[in-house]
Amino acid sequence: MEKIIWILMVGLSLFVSYIHLEPTIFSIVVFMLFLFVSTALFMRFNQDHWLDRVSPLVGVGIGVLSLIAYLSLIAFSLSEIDQLGMWTVLVRLLLMYVGIYIFVMTTSSFLAGATRLKPSRFFRPILIFSVFFFGAMLLIPLQPGL
């Protein structure tokens with residue numbers, strides 16, 4: 001099932017790269033890609049994760065360092081992302097996947113350290129919470145009058 005979702009995501013992102021869409025339709029497509037990414041991550045986060053075997057402090061440290069590297073990658077390549085042509089949407093899709101993964105991993109490690117539970121116990125609730133609010137932000141351009 002996860003492979004089918006990845007094929008749909010890559011296919012849709014490559015298809016959208018070939019055609020020019022209005023901003024409203026493009027917002028809907030990005031929201032659909034976000035839902036596909038969230039579904040793939042929901043399937044990826046299982047109860048037996050490597051983060052359960054290390055200290056929550058190590059998970060937070062790895063997450064913060066990964067977040068710094070991720071943000072610096074985006075900051076240094078922001079102008080080049082739009083010049084990739086047909087690969088622009090695919091690169092944004094992969095950056096969205098990595099960003100959500102880092103956020104969920106870091107937040108669940110932090111909560112695991114605070115509650116002394118396994119980090120894998122927090123993966124899916126944090127993912128659902130972030131999907132709800134980030135998805136709402138993606139749909140803001142569809143509001144009339146904005």
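Every read-out reported here was derived from the displayed coordinates using simple, explicitly stated rules and does not represent laboratory data. If you're wondering where the values come from, they're calculated on a predicted model, not measured in any experiment. A quick note on method: Cβ atoms are made from the backbone with ideal geometry, for glycine too, and the neighbour counts reach across all protein chains shown.
With +1 assigned to the C-beta of every Lys and Arg and -1 to the C-beta of every Asp and Glu, and no other charges, what is the dipole magnitude of the range 1-145 about the Cα centre in debye, to the nearest 20? Display every interim value, and only then the final one.
Working: 8 positive and 6 negative charges, 112 e Å.
Result for the range 1-145 is approximately 540 debye, rounded to the nearest 20.
Relative contact order of the chain, please, whole-number percent, based on alpha carbon pairs below 8 angstrom and at least 6 residues apart. Write down the numbers at each step before the final one.
Working: 119 pairs, mean separation 53.9, N = 146.
Over the chain, the number comes to 37 percent.
To make sure I understand, if each residue's beta carbon is the centre and we count other beta carbons within 10 Å, what order do Phe31, Phe123 fall in, fewest to most? Don't skip to the end; give the middle numbers.
On the way: Phe31 18, Phe123 23.
Lowest to highest Cβ neighbour count: Phe31, Phe123.
Please give the helix 23-44 orientation as an angle from the longest Cα principal axis of the chain, in degrees from 0 to 90, rounded to the nearest 10.
Roughly 30 degrees, rounded to the nearest 10.
Sort all Cα-Cα distances of the range 90-146 into consecutive 10 angstrom bins from zero, then give the percent of pairs in each bin up to the one containing the longest distance.
It works out to 22, 40, 26, 10, 2, in whole percents.
Please give the helix 2-18 orientation as an angle from the longest Cα principal axis of the chain, in degrees from 0 to 90, rounded to the nearest 10.
30
If one puts a single equal scatterer on every Cα of the chain and applies the Debye formula without solvent, what log₁₀ I(q)/I(0) results at q = 0.10, 0.16 Å⁻¹?
Debye curve over Cα of the chain, log10 I(q)/I(0) at q = 0.10, 0.16 Å⁻¹: -0.40, -0.95.
Against the longest principal axis of the chain, how steep is helix 88-115, in degrees 0 to 90 to the nearest 10, with axes from Cα atoms?
So the helix axis and the longest Cα principal axis differ by about 20 degrees.
Of Leu142, Ser79, Thr115, which is farthest towards the positive pole of the range 2-142's charge dipole, taken about the Cα centre with +1 and -1 on the beta-carbons of Lys, Arg and Asp, Glu respectively?
Of the listed residues, the answer is Thr115.
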